[in-house]
Amino acid sequence: MRLEYFKDKVFELLNDAENMCIKDIEMNDREDKFTVSTQDGSVFEISCSQLRSPDKKMRLCWWMKQH
């Protein structure tokens, strides 16, 4: 799986998550990060990076940091 495809799918999951009360999703493609704002005023940062590909045995991961 390529990182761009993974980021697209993460965006779709967040965008379709009606029960999370997401107000806005900003994508920074250059830094491979999402900034997610919720209705209650919380702001989260999600960073995506590919640690391994099938041919190089790397992992694909993401993590969130709350601001």
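Every number in this text was worked out from the coordinates using simple rules, so none of it is lab data. Keep in mind that what you see is a predicted model, and the values were worked out from it rather than measured.
Per-residue HN-Hα couplings for the stretch 26-31, Karplus 6.51 cos²θ - 1.76 cosθ + 1.60 at θ = phi - 60°, whole Hz, x for Gly and Pro?
10, 10, 10, 5, 4, 9
What per residue convex hull volume, in Å³, comes out for the stretch 1-51 when only alpha-carbon positions are used?
Expressed per residue, the convex hull around the Cα atoms of the stretch 1-51 is 73 Å³.
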